[in-house]
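Q: One structure follows; several queries about it will come next.
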Amino acid sequence: MKARICWLFALPVLVSAAPPGRVPLGIFGNWGAFRDARPLRCYAIATPERRGSGEWRSFASVAVWPRQKIGGQVHFRLREPRRPNSPIRLIFGDRSFPLVAASLDAWAPDPRADAAIIGAMRGATSMRIAWVSNDGRNRSDGYLLKGVATAIDAATLGCAGR
């Protein structure tokens, strides 16, 4: 019940804080779903469980790009730059996925990996992305996955038929 009351107060804030053309589709546990008009995309998004130090705001997202016919693309923003050519992994307990990355952003290497990662997200309670920073330190951000399946579904429906 408290979550519903918080949602009633949070919705007006989300709507008023959203950039023009951004439509909130809902908040589901730790994840939100949104639709942007330009470029047309819908996505589920969350911030890490704890905010670590870093110069950027990290997030995890799953996006739908209807005009590009992309049904689910995972994307991660790192809180600090990754050391060039160092590995980066997405970890679900004892299962992990290698990612491809630029300095601050990481993605699945191909659509099959996107689908496998989304399947893992739907079945897990948490995930962690791990990388080596420019200064050689091991870094990671952890995400709670409560609500991720519903947020991904809301994002998919939010762009259906567009």
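What follows is calculated from the coordinates using simple rules that are stated; it is not laboratory data. No experiment lies behind these values; they were computed from the predicted model shown. Here the Cβ positions follow ideal geometry from the backbone for every residue, glycine too, while neighbour counts run over all protein chains shown.
Q: With θ set to phi - 60° and the Karplus curve 6.51 cos²θ - 1.76 cosθ + 1.60, what are the ³J(HN,Hα) couplings of segment 60-70 in order, to the nearest whole Hz, using x for Gly and Pro?
A: For segment 60-70, the Karplus curve yields 10, 8, 10, 10, 10, 10, x, 5, 8, 6, 9 Hz.
Q: Val23: net charge of surrounding residues, Cβ under 9 Å, Lys/Arg +1, Asp/Glu -1, itself excluded?
A: Charge balance in the 9 Å sphere: +1.
Q: Give the relative contact order (percent, whole number) for segment 21-158; include only Cα pairs under 8 Å separated by 6+ residues.
A: 28
Q: Could you compute the FRET efficiency for Asp105 and Lys69, with r as their C-beta to C-beta distance and R0 at 25 Å, rounded to 0.05?
A: 0.70
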